[in-house]
Amino acid sequence: MQIIGEKINGTRKRVAQAIAERDAAFIADLARRQTEAGAHWLDVNAGTMPAQEPDDLLWLVDVVQEAVDTPLCLDSANPKALQVAVQAVHRTPMINSISGEHERLVGILPIVVAHSCRVIALALDGKKIPETSAQRMEVIHRIMAATRAVGVPDDHVYIDPLALTLATNTRSALIALETMRAVRTEYPDAHLTIGLSNISFGLPARSYINRYFLALAMEAGLDCAILDPLDRELRAAILTTRLLLGRDPRCLDFIRAARKGLFDAATVSG
Ligand code: THG
């Protein structure tokens, strides 16, 4: 299970403030803590102001790389911001993201190819969000045709079936799970990722929703997720689910985590 740490995201108030004030210490601390908690990648998202995004993203990239060696997951829909950021990274980043939208494919795929990046592909086409898993698969087929046409290997593509909040559609987890199973069958070499916290947006007890959805999604083939690695209970859930799914040879990771106290009663950190 590959973990992409979600916390350096300019749509979060405290991070937006740190970006605006160029508070490097705050961002560096988030980078270090997520890395220590086991994040394999760090998502960096400079927020939603297009004019400033290239500068802000570049600043984030520099600050994070100063603090840790963890590879970055550049989270932007803006080809210009991605182009600037990809030039500055020390290690090949993941690009988050392309979609079925023509301009986005044309603007971002060449960057992915030129730098041999891994890339997240959203099951979206720029119009309204595809409701059913069959409609999402149509978009995914088009994206995979486009990535294959330019020589991106399937195992560099991380398909995001979209986790939308249950608050507006109580079937949204089911739709995402059905899409994951279809991707697993049709593109066995591609990865599956998801923005986990979206599933619970606007609901109480979010960490419970996130945790159990993650377990179901891992059974459906999810092998990567954008999540909060500082949530201890979530890390415990991942290790337990891997064990249950027969993916922890000789139960070693589970036993090691237990010895280290991961499952001991403790507060959920934030
Ligand atoms: N797919 C892909 N990329 C994504 C998403 C996705 N990137 C962004 C997002 N979705 C995943 N990242 C986050 C980062 C932080 C939070 C949620 C998702 C988060 N939100 C709290 C909230 O919404 O209440 C806290 C806000 C705050 O701290 O201000 O923490 O789906 N490919």
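Find the residue count for the stretch 218-270, including only residues that are among the β-branched types (Val, Ile, Thr) and more than 17 Å from Glu36 (Cα to Cα).
4
Quick check: anything in the stretch 149-157 part of a helix (DSSP H, G or I), modelled with pLDDT of 95 or more, away from the ligand (no atom under 16 Å from the Cβ) and touching a Ser or Thr at 6+ places or on another chain (Cβ under 9 Å)?
Yes, that holds for at least one residue.
Ile209 - would you say it is over 21 Å from Lys128 (Cβ atoms), touching a residue at least 24 places away in the same chain (Cβ under 8 Å) and either buried (at least 20 other Cβ atoms within 10 Å of the Cβ) or not aromatic (Phe, Trp, Tyr) (or both)?
The answer is yes for Ile209.
So is Leu105 touching a residue at least 12 places away in the same chain (Cβ under 8 Å), more than 15 Å from the ligand (Cβ to nearest atom) and either outside any loop (DSSP other than H, G, I, E, B) or under 18 Å from the mean Cα position of the chain (by Cα) (or both) or not?
yes
Could you check the stretch 177-213 and list, in sequence order, the residues that are closer than 14 Å to Ala121 by Cα, more than 10 Å from the ligand (Cβ to nearest atom) and not in a loop (DSSP other than H, G, I, E, B)?
Thr179, Met180, Val183, His191, Leu192
How many residues are assigned to a helix (DSSP H, G or I) and crowded, with 19+ Cβ neighbours inside 10 Å when one looks only at the stretch 214-231?
Here the count works out to 3.
Looking at the stretch 93-115 only, could you name the residues that are farther than 16 Å from Ala149 by Cβ and either surrounded by fewer than 13 Cβ atoms within 10 Å (Cβ to Cβ) or aromatic (Phe, Trp, Tyr) (or both)?
Residue satisfying the conditions is Glu103 alone.
If I ask for residues that are surrounded by fewer than 15 Cβ atoms within 10 Å (Cβ to Cβ) and among the β-branched types (Val, Ile, Thr), which ones from the stretch 130-153 would you list?
Within the stretch 130-153, Thr132, Val150 qualify.
Could you check how many residues of the stretch 4-47 are out of contact with any helix residue (DSSP H, G or I) (no Cβ under 9 Å at 6 or more places or on another chain), surrounded by fewer than 15 Cβ atoms within 10 Å (Cβ to Cβ) and in contact (Cβ under 8 Å) with a residue 24 or more places away in the chain?
1
The values are calculated or read from the model by the stated rules, or taken from the named source; none is laboratory data. The shown structure was predicted, so the numbers you read here are calculated from the model rather than taken from an experiment. For neighbour counting, all protein chains shown are included, and Cβ atoms are generated from backbone atoms with ideal geometry for every residue, glycine included.
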